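Some notes on the structure that comes next.
Values quoted throughout were computed directly from the atomic coordinates according to the rules given, and no laboratory measurement underlies them. Model, not experiment: these values are computed from the prediction. For neighbour counting, all protein chains shown are included, and Cβ atoms are generated from backbone atoms with ideal geometry for every residue, glycine included.
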Amino acid sequence: ELPGFYYDSEKNRYFRLLPGHNNYNPLTKESIQYKAMECERLRLLEEEEKQKKKTTRAGLNSSVLLQKRQLGLLSSTSYCRLVHELKVNCMQRRKVEIHSPDSSVAGTNNFKIIVADAACERIFTVNDVEHGGCKYGIINLSGLGKESLTVEMYDNLYFTNRKVNSVCWASLTHPDSHLCLMGIAETPGCASLLPASLFSSTNPGDRPGMLCSFTISTAWSCAWCLNPQADNCFSTGLTRRVLVTNVVTGHRQTFGTSSDVLAQQFATQTPMLYNGCRSGEIFSIDVRQRNRKGQSWKAIRLFHDSAVTSIRLLEAEHYLMAADMAGKIKLWDLRTAKCVKQYKGHHNEYAILPLHVNEEEGLLTAVGQDCYTRIWSLQDAHLLRTIPSPYPSSKDAIPSVVFSSRLGGSRGVPGLLMAVKQDLYHFSYN
């Protein structure tokens, strides 16, 4: 790099950066980098259209895998994992048509968040509205398996005034019956628990109201507890404190922290709540104990060098996956409190971006701030695929994704759903 010059790769020469009129110069380091990134994105999109995808590992193809499986050289779990790796590398993008009973709502606002329920039958969506606030809806994925690739979206236009920071499904009366929303009003913030049946097309006159709603300071994260020892509880990660609320009794517990809590998840085998903080600390709380002043209630403590944006417990709950604002994704062994794996290639500088762990398929998925969706092998942290966004990268065009081998329920189709801007895309295994 030469001070005061920039290198044009197309013309293979250096050009002087001249000071512009009124200190305006269209050629900045940022604009040159953005142009290079955009060229790379278009090149990758063109490659995907031509279907020139190579296998991620040398000598890995379906016939060799099947032969090894038949000879007894591969276990059934290893065979399934490697088949998923092959399929992920061959996924092709197709646009999904969104139909809605209210024709005025489909495809008019940008997707901000999409979150799937446990069975991946429904997707809860948060859309930014032009005049401020957010609009919520539920997409039924049953139409994905058909040739037409259409989905039904049901909106509830009543809740439109709050910006949403975090959302999770809650199982109160039956699995995934409610939704926890962490919203920011002008001042103060708001935590709401509303039934998913609000977004159904049946009996519009007989709809239940919100089960729980209260004002709070700025909320960053939320999590629902499925452990019977802390039944009907959800947690809210706030500025310098954690609030655990029982939605039936109304009882609340407050745990003071030294930093903002940006990510949360409950364990299912024990009543433990794991929290990731802006300071880089990850700690756990046993929600059965009373919070007393001067008493140390932090059980497990781990540390990242940057703000922790997402945490995911693995099924056996001996391992925890965490991502931070330095773009590092680490797998921690909770028994030894040591990092055992790092997943390289993720890009983040300041955004709160989620991780998606699919243990059955042996995959880890994350969307970076550069708008690329990356998929790794959980087993050995190998980067399997990098998917470019259909839109130029920008702050308001970071995709939100859901991956499952059963999108739409037990007989659903495998693949990746990507919501970006006003569009929904399905990356199919076929």
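Data for the structure
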| read-out | value |
| --- | --- |
| Neighbourhood net charge (12 Å Cβ-Cβ; Lys/Arg +1, Asp/Glu -1) for V167 | +2 |
| By average C-beta atoms within 10 angstrom, highest first, the peptides 277-284, 129-136 | 277-284, 129-136 |
| Which labelled figure in (i) 32, 30, 21; (ii) 34, 28, 26; (iii) 67, 19, 18 is semi-axes √(5λ) of the Cα gyration tensor in Å, once derived from the coordinates | (ii) |
| Placed amide H near S166: partners under 5 Å, 5+ positions off or other chain | M182 |
| Dipole magnitude of the chain, debye to nearest 20 (Cβ charges: Lys/Arg +1, Asp/Glu -1, about Cα centre) | 1020 |
| Protection proxy ranking of 401-413, 73-85 - average other beta-carbon atoms within 10 Å, highest first | 401-413, 73-85 |
| For peptides 189-196, 299-306, 366-373, sequence by mean Cβ density within 10 Å, most packed first | 366-373, 189-196, 299-306 |
| Structure-based [θ]222 nm, the chain - -39500 (n - 2.57) summed over DSSP H runs of at least 4, per residue, nearest 500 | -3500 deg cm²/dmol |
| Selection of GluC sites (Glu not before Pro), the range 350-430, meeting DSSP coil and at most 14 other Cβ within 10 Å | E359, E360 |
| ³J(HN,Hα) computed for each position of the range 166-175 - Karplus, 6.51 cos²θ - 1.76 cosθ + 1.60, integer Hz, glycine/proline x | 8, 8, 8, 6, 10, 9, 9, 7, 7, x |
| Net charge, E360 excluded, C-beta distance under 10 Å - Lys, Arg +1, Asp, Glu -1 | -1 |
| The chain: most fluctuating residue of D231, D380, D117 per GNM, C-alpha cutoff 10 Å | D380 |
| Violating pairs (Cα-Cα greater than 25 angstrom) within the set K163/K344; K11/K50; K68/K328; K135/K421 | K163/K344; K11/K50; K68/K328 |
